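Novice: Sending over a structure as structure tokens; questions will come in a sec.
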Number of protein chains: 2
Amino acid sequence: MQTSQGELVRVGELEIRPLEGLVLADGRALVLSVREFDLLLALASHVGRVVSREELYRQAWGGTLRSGDRSCDVYVHKLRTKLERALPQQRFIHTHVGFGYRLDPAQ
Amino acid sequence: MQTSQGELVRVGELEIRPLEGLVLADGRALVLSVREFDLLLALASHVGRVVSREELYRQAWGGTLRSGDRSCDVYVHKLRTKLERALPQQRFIHTHVGFGYRLDPAQ
DNA sequence: CACGTTCTTCACCGCGCGTTCACGACTCGA
DNA sequence: TCGAGTCGTGAACGCGCGGTGAAGAACGTG
């Protein structure tokens, strides 16, 4: 199940506005690139659930993930860095080795 | 009888989501490796009944259990440890000496 | 075209994962 | 009481997955 087009999404202290391409962390605006934003949106459309790299790639990049492509991991890292700098005390993106990633404001 | 493909499985306070590789213990996400997850799934597909090592190995590893292979026991131990840490008051995996293991939220 | 930004790819490395071994506790039958 | 079989448990080890920094390609904007 995906979030419908432009709806506002809340995940913990994060507020994602798909229509504007804007993310607010505790009220303060985050500067994200297009890819970073799409990836966050893909993760946010399955909050609390584990999403495979294939699915994330499909949603954020479009097309199918080629074997050996690490783009997904690299951008998870970039996203993590920015989220962590905005909200140091929280961990949002959790790794599930062998499965994928899970966006969850609660540990 | 096995659980069909992706159905959500509930065992006591455990919620197993086969499609995601995710287990919730009382709502909180558990971090399990692929093997641990598959083993739990194998046990959960026969809740309340004793499952032989051969059957567990067939379901979680694939192929037949070679004599002397202790992988199954080792992973039962790993699973127990994680379940016990998540839900200290309960015992889920019960040993039936000479027969196998039984997953049961009730003693 | 020039320049800054974004994206992809690469390489390195630490750590988690799965397998296997070793030892000890326990049970049961001879 | 002894030996064989079963199971719990910690640890060693090789390997692949994922974290991470950086270089270079591609993009977009003026």
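Novice: Looking at the stretch A:92-107, I want the residues that are at positive phi and have a partner that is within 11 Å of DNA strand D (Cβ to nearest atom) with Cβ atoms under 7 Å, at least 6 apart or on another chain. Which pairs are those?
Specialist: A:Gly98/B:Ser33; A:Gly98/B:Val34; A:Gly100/A:Val50; A:Gly100/A:Ser52; A:Gly100/A:Arg53
Novice: How many residues, within the stretch B:40-71, are touching an Asp or Glu at 6+ places or on another chain (Cβ under 9 Å), within 12 Å of DNA strand C (Cβ to nearest atom), assigned to a helix (DSSP H, G or I) and away from chain A (no Cβ under 14 Å)?
Specialist: Of the residues in the stretch B:40-71, 1 are touching an Asp or Glu at 6+ places or on another chain (Cβ under 9 Å), within 12 Å of DNA strand C (Cβ to nearest atom), assigned to a helix (DSSP H, G or I) and away from chain A (no Cβ under 14 Å).
Novice: Please specify each residue of the stretch A:4-32 satisfying the condition of being outside any strand (DSSP E or B), within 14 Å of DNA strand C (Cβ to nearest atom) and touching a residue at least 24 places away in the same chain (Cβ under 8 Å).
Specialist: A:Val31, A:Leu32
Novice: Test of understanding: among A:Leu41, A:Leu32, A:Leu14, which residue is farther than 27 Å from B:Arg28 by Cα, modelled with pLDDT of 95 or more and crowded, with 18+ Cβ neighbours inside 10 Å?
Specialist: A:Leu32
Novice: Applying the selection to the stretch A:72-107, what residues are within 13 Å of chain B (Cβ to nearest Cβ), more than 10 Å from DNA strand C (Cβ to nearest atom) and not in a loop (DSSP other than H, G, I, E, B)?
Specialist: If the condition is that a residue be within 13 Å of chain B (Cβ to nearest Cβ), more than 10 Å from DNA strand C (Cβ to nearest atom) and not in a loop (DSSP other than H, G, I, E, B), then A:Ile93, A:His94, A:Gly100, A:Tyr101, A:Arg102, A:Leu103 are the ones that fit.
Novice: Taking B:Leu22 as meeting all but one of (1) within 15 Å of DNA strand D (Cβ to nearest atom); (2) under 25 Å from A:Val47 (Cβ atoms); (3) more than 14 Å from chain A (Cβ to nearest Cβ), write down the number of the exception.
Specialist: (3)
The values are calculated or read from the model by the stated rules, or taken from the named source; none is laboratory data. Because the structure is a prediction, the values reported are computed rather than measured. We place every Cβ from the backbone using ideal geometry, glycine too, and count neighbours over all the protein chains shown.
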